[in-house]
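See below for the structure under consideration.
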Amino acid sequence: MSFDDKILKLIIEFNRLTREKIIKWFVMPANKYPSSLRGGERLKGHIFTTKFEEKGFRLYGYQSKYYNSETDSLEEGEYLRFELIDDDGITEWDLSDNESAVSNLYQTVQLQTSDIKNITNSILDIIQTKYSQENRNIAL
């Protein structure tokens, strides 16, 4: 198995373990920009971090301009970066990629950290209890 295949497998396994709540991700404070942002790159969304087996990992989205030779112009693209970091948050290795596996992991992490599933269930329960048509008819 090549190194690239192993990295892909690692990301897929991180996604599975995140869905199973074995890996817990945290949102970094907005003022702690990753050291790996390069010139012209701008952070997009939250920065997520986790520790797994005593190793730190970071995941975030960013925007960067690139030259499009077909249109002879600078265009902006959106990318994701998955990093191995040390205890000080310094990048030891990174994968800047838009592989679907990285995108899937990013979406799973967003779901976990936003707690949107519980929020949705709570709001739907409130709507069902307070605002359903049946309850309106009873109150009238």
(request) Name the one entry in G45, G61 that is touching a helix residue (DSSP H, G or I) at 6+ places or on another chain (Cβ under 9 Å), at positive phi and in a strand (DSSP E or B). (result) G45
(message) I'd like to know if segment 19-28 contains one or more residues that are under 15 Å from A101 (Cβ atoms) and not β-branched (V, I, T).
(response) yes
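The rows are residues; the columns are (1) aliphatic (A, V, I, L, M); (2) more than 17 Å from the chain's Cα centre (by Cα); (3) more than 16 Å from N15 (Cβ to Cβ).
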{"residue": "K44", "(1), (2), (3)": "no, no, yes"}
{"residue": "F52", "(1), (2), (3)": "no, no, no"}
{"residue": "Y62", "(1), (2), (3)": "no, no, yes"}
{"residue": "K65", "(1), (2), (3)": "no, yes, yes"}
{"residue": "T71", "(1), (2), (3)": "no, yes, yes"}
{"residue": "Y79", "(1), (2), (3)": "no, no, yes"}
{"residue": "I90", "(1), (2), (3)": "yes, yes, yes"}
{"residue": "W93", "(1), (2), (3)": "no, yes, yes"}
(request) Scan segment 6-23 for residues that are of a type in the set (A, V, I, L, M, F, W, C), under 15 Å from the mean Cα position of the chain (by Cα) and farther than 14 Å from T50 by Cα and jot them down. (result) I12
(message) Please pick out the residue among S132, S96 that is modelled with pLDDT under 90, in contact with a Ser or Thr (Cβ under 9 Å, 6 or more places away or on another chain) and hydroxyl-bearing (S, T, Y).
(response) S96
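The values are calculated or read from the model by the stated rules, or taken from the named source; none is laboratory data. Fair warning: this is a prediction, and the values are worked out from it, not measured in the lab. We place every Cβ from the backbone using ideal geometry, glycine too, and count neighbours over all the protein chains shown.
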